[in-house]
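Heads up: the structure comes next, in structure tokens.
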Amino acid sequence: MIDSAVLQHNLDQIHQRIAHACAAAGRDRREVTLVAVSKGQPAAAIRALYQLGHRDFGESYVQEWQAKATELSDLSELRWHFLGHLQRNKVKQVIGKVALLHSLDDMQGLDEMARTAWQARLSQPVLLQVNLAHEQSKRGCGPQDAPLFLDVLQRSPGLLLRGLMVLPPYDWDAEQVRPWFRQLRQLSEQLQVDYAGVGQLPPAGQWWLSMGMSGDFEVAIAEGSTHIRVGTSLFGPRAT
Ligand SMILES: *Cc1c(COP(=O)(O)O)cnc(C)c1O
């Protein structure tokens, strides 16, 4: 059973926290998009949140996402965000079908996505996922490789680079995560400088940073996040 009153309560609370964090940081509330991470949640929960006016939803697994997208295909204003690692053989199933792919995380994937988008004459907005802490267990390019990825992306007409994403090492204390958020922002600023005039990076207002989750999104907003990805604070625990 999906309890809409509980969802409404959680959504209100998160919107209040976002507004508060934006005000504290002197930022315009409209700069921050709340992506409701619905992996592990039933399609009915997505529908209920949509009916409360929410539009941006994030999924991490292709099969799970496809099943929900089919079931929810009548929700014409729903925007899907893809957050998980995209295996090469599944690229075709996702490219051109999501509003934003947050997880461009390796060169083979980039090649496959670029070819797919070009062949089908699609434009897919993407974020480059950066593995700032060089964690073995996580995906993403090393920060030192970001310029190489940007060079390839500049020559990939079907992929529109819109910014960077990070999934930093987990810590229950959000302040411990702050340096990673700050590093992503600094990397982003450096890339903006390096590519000023050279390529076609979008202007500052259309250049995004996807960072911050349930436990640390206020800190991420203080450090410049434009897309926070919130699952459990919104929907409650995930079925696994
Ligand atoms: C699951 C997931 C989230 C949401 O995490 P919560 O702690 O439930 O808010 C955010 N980002 C990514 C990439 C995820 O896989």
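Quick look at the values:
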{"quantity": "Every residue from region 1-23 that is under 13 Å from H54 (Cβ atoms) and without any contact (Cβ under 8 Å) to a residue 24 or more places away in the chain", "calculated": "D12, H15"}
{"quantity": "Test: residue in region 166-176 that is under 21 Å from I18 (Cβ atoms) and in contact with a strand residue (DSSP E or B) (Cβ under 9 Å, 6 or more places away or on another chain)", "calculated": "yes"}
{"quantity": "Boolean, P168 is within 23 Å of L110 (Cβ to Cβ), in contact (Cβ under 8 Å) with a residue 12 or more places away in the chain and out of contact with any Leu (no Cβ under 9 Å at 6 or more places or on another chain)", "calculated": "no"}
{"quantity": "Set D171, D151, D216: member being within 15 Å of the ligand (Cβ to nearest atom) and over 16 Å from the mean Cα position of the chain (by Cα)", "calculated": "D171"}
{"quantity": "Matching residues, region 228-240, being near the ligand (Cβ under 8 Å from one of its atoms) and exposed (fewer than 14 other Cβ atoms within 10 Å of the Cβ)", "calculated": "R238"}
{"quantity": "Extreme residue, farthest from the ligand (Cβ to nearest atom), among residues of region 57-83 that are buried (at least 20 other Cβ atoms within 10 Å of the Cβ) and closer than 26 Å to I18 by Cα", "calculated": "W80"}
{"quantity": "Residues (surrounded by fewer than 21 Cβ atoms within 10 Å (Cβ to Cβ) and within 16 Å of the ligand (Cβ to nearest atom)) located in region 110-131", "calculated": "N131"}
{"quantity": "Number of the exception - V193 against (1) out of contact with any Pro (no Cβ under 7 Å at 6 or more places or on another chain); (2) within 16 Å of the ligand (Cβ to nearest atom); (3) of a type outside the set (S, T, Y)", "calculated": "(2)"}
{"quantity": "Flag if V177 is β-branched (V, I, T) and either assigned to a strand (DSSP E or B) or farther than 30 Å from V6 by Cα (or both)", "calculated": "no"}
{"quantity": "Residue tally, condition more than 16 Å from the ligand (Cβ to nearest atom) and not in a helix (DSSP H, G or I), over region 33-56", "calculated": "3"}
{"quantity": "Conditions (1) more than 17 Å from E31 (Cα to Cα); (2) outside any loop (DSSP other than H, G, I, E, B); (3) among the hydroxyl-bearing types (S, T, Y); (4) touching a strand residue (DSSP E or B) at 6+ places or on another chain (Cβ under 8 Å): number failed by S214", "calculated": "(2)"}
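Residue-wise test of (1) free of Cβ contacts under 8 Å to residues at least 24 places away in the same chain; (2) within 13 Å of the ligand (Cβ to nearest atom); (3) of a type outside the set (D, E); (4) within 30 Å of M1 (Cα to Cα).
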{"residue": "Q136", "(1), (2), (3), (4)": "yes, no, yes, no"}
{"residue": "R182", "(1), (2), (3), (4)": "no, no, yes, no"}
{"residue": "E189", "(1), (2), (3), (4)": "yes, no, no, no"}
{"residue": "P203", "(1), (2), (3), (4)": "yes, no, yes, no"}
{"residue": "A222", "(1), (2), (3), (4)": "no, no, yes, no"}
{"residue": "T226", "(1), (2), (3), (4)": "no, no, yes, no"}
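Each reported figure results from applying straightforward, stated rules to the coordinates on display, with no laboratory input. The structure displayed is predicted, hence computed values, not measured ones. Neighbour counts run over all protein chains shown; Cβ positions are idealised from the backbone, glycine included.
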